[in-house]
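A short worksheet on the structure shown next.
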Amino acid sequence: MSTTSLNAAEIPELQPNTELRALAAGAARYPFTATTREPALTWQEGCRQALAETVGFVGAPVTGWEDRPAPPAAELVEEVDRGDFMRRKLLLAVAPNAFMPVYLLTPKDASGPLPLVLAYHGHGYGAKDIVGLWEDGEERYTPDGVHKDFAIELCRRGFLVAAPELAGFGERQNDYGDLDPNFGQQAPDTCHNAATFAFMLGKSLVGMRVRDGMRLLDWLGASGEIDRVRVGAMGLSGGGMMTFFHTCLDTRVRACVISGYFTNWRDSILAMHHCTCNFVPGVLNIGELTDVAGLIAPRPLLVEAGVRDGIFPVGPVREAVARTREVYTVFGANPELDIVLDEFEGRHSVSGRLAYDFLRDRLLR
């Protein structure tokens, strides 16, 4: 006797995502629907608080330098002369039981408090990959890979650049040396393991990383080295995600560049395989990316998109930018000047063609 097989393509209700998409369609508590500035500002206040609670770890959104906790302790680890800039490595105690290495790049010809860019790396071997170092710590003098040493390029345009090691990468990977090989266990991927651990606590690895970035900014603001009113952020891929969430939750960041990330979550994060660290439990209960992006408005935003990027397709990026421009007009911003889209011939990588000058023009003028 044969068994009749049901076809999921012909019966969509067999697919879990059919139910999940229907739930997501009505889940958003903070869709951006404002048509005038005052309701939009009220929306920002509620949405920003809800997002802080959802990502976990950050406690509350940051809307200024006042009432911040004392800056974290920092230890100087090394200092290297790279010719036209100095590179320092610090170790920050960003939270109880949490240390974060940070590279600081300072132009040699600069003086006084400097404009700052937070430089967030994406997946790879960590912060070394954007500050001119190979995996083994050897110096690199020619840009390489998808990151193109963008922290150095920003430093050469007059910025003090801070490149933190994000939780789960480089020197911040979990040590699984105590696993018993007799049981055939393999060390789990740090990003996946840390992210799912955070999920089980009702938090997210995104929230941990943003908290760390906020604490870094607290330290830099107290150091006297930076101009607090000229702070930007830039990142690729997972670093673009970091730039997005940090800028949404911390208005001290005055301008940003998001590379290889800016699409609605349904068009990329939920449409194909991505590292577990990209996911934030409950975020769709707030809204889609283009709703949440209203938290950045009206601050200047540049989006980089490779036309051959296979994981953040350029079509959905264009749609997300177009919708965000509509949101920006409600705040009185000039959508053509304050949201720039750099489409470049390439894959999932930094462009830099417009980004470096964009940050320089918005933060150094």
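The values are calculated or read from the model by the stated rules, or taken from the named source; none is laboratory data. What you are looking at is a predicted structure, and each value in this text was computed from that prediction instead of being measured. Here Cβ is always computed from backbone atoms with ideal geometry, including for glycine, and neighbour counts include all displayed protein chains. Only protein heavy atoms, including side chains, enter the accessible area calculation; ligands, DNA and RNA are left aside. Shrake-Rupley method; radii C 1.70, N 1.55, O 1.52, S 1.80 Å.
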query: Which number in (1) within 12 Å of GLY287 (Cβ to Cβ); (2) of a type outside the set (Phe, Trp, Tyr); (3) assigned to a helix (DSSP H, G or I); (4) open to solvent by 100 Å² or more (accessible area, probe 1.4 Å) marks the one condition that THR33 misses?
result: (3)
- prompt: For the range 212-228, what are the residues that are touching a helix residue (DSSP H, G or I) at 6+ places or on another chain (Cβ under 9 Å) and under 23 Å from ALA52 (Cα atoms)?
  reply: GLY213, MET214, LEU217, ARG228
message: Would you confirm, using the coordinates I've provided, whether TRP65 is aromatic (Phe, Trp, Tyr), within 30 Å of PRO101 (Cβ to Cβ) and open to solvent by less than 100 Å² (accessible area, probe 1.4 Å)?
response: yes
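A quick yes/no check of all residues on (1) in contact with a strand residue (DSSP E or B) (Cβ under 6 Å, 6 or more places away or on another chain); (2) surrounded by fewer than 24 Cβ atoms within 10 Å (Cβ to Cβ); (3) modelled with pLDDT under 95; (4) not β-branched (Val, Ile, Thr):
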| residue | (1), (2), (3), (4) |
| --- | --- |
| PRO101 | yes, yes, no, yes |
| LEU116 | yes, no, no, yes |
| ALA119 | yes, no, no, yes |
| GLY124 | no, yes, yes, yes |
- request: Please list, ordered by first then second residue, the pairs with beta carbon atoms under 6 Å, 6 or more apart or interchain, first in the range 49-62 and closer than 14 Å to GLY282 by Cα, second basic (Lys, Arg) and open to solvent by 10 Å² or more (accessible area, probe 1.4 Å).
  value: GLY56/LYS203
- prompt: Taking ALA60, is it open to solvent by 70 Å² or more (accessible area, probe 1.4 Å), of a type in the set (A, V, I, L, M, F, W, C) and not in a helix (DSSP H, G or I)?
  reply: no
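Here is a yes/no grid of residues against (1) modelled with pLDDT of 95 or more; (2) touching a strand residue (DSSP E or B) at 6+ places or on another chain (Cβ under 6 Å):
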site: ASP129; (1), (2): yes, no
site: TRP134; (1), (2): yes, no
site: GLY145; (1), (2): no, no
site: LEU154; (1), (2): yes, yes
site: GLN185; (1), (2): no, no
site: THR190; (1), (2): no, no
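Matching residues to (1) on the phi < 0 side of the Ramachandran plot; (2) modelled with pLDDT of 95 or more; (3) in a loop (DSSP other than H, G, I, E, B):
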residue: ALA163; (1), (2), (3): yes, yes, no
residue: LEU166; (1), (2), (3): yes, yes, yes
residue: ASP178; (1), (2), (3): yes, no, yes
residue: ASN182; (1), (2), (3): yes, no, no
residue: PHE199; (1), (2), (3): yes, yes, no
residue: LYS203; (1), (2), (3): yes, yes, yes
residue: LEU216; (1), (2), (3): yes, yes, no
residue: GLY221; (1), (2), (3): yes, yes, no
query: Identify, please: which residue in the range 189-226 is of a type in the set (Asp, Glu) and open to solvent by 40 Å² or more (accessible area, probe 1.4 Å) and is, among those, nearest to VAL314 (Cα to Cα)?
result: ASP189
- line: When the range 277-292 is checked residue by residue, the ones that are open to solvent by 30 Å² or more (accessible area, probe 1.4 Å) and not in a loop (DSSP other than H, G, I, E, B) are LEU284, ASN285
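Residues are listed down the side, and each one gets a yes or a no for (1) under 15 Å from the mean Cα position of the chain (by Cα); (2) within 30 Å of SER111 (Cβ to Cβ); (3) among the basic types (Lys, Arg):
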site	(1), (2), (3)
GLY260	yes, no, no
ARG318	no, no, yes
ILE339	no, no, no
GLY346	no, no, no
PHE358	no, yes, no
task: Determine, yes or no, whether LEU105 is open to solvent by less than 20 Å² (accessible area, probe 1.4 Å) and either without any contact (Cβ under 8 Å) to a residue 12 or more places away in the chain or not in a loop (DSSP other than H, G, I, E, B) (or both).
output: yes
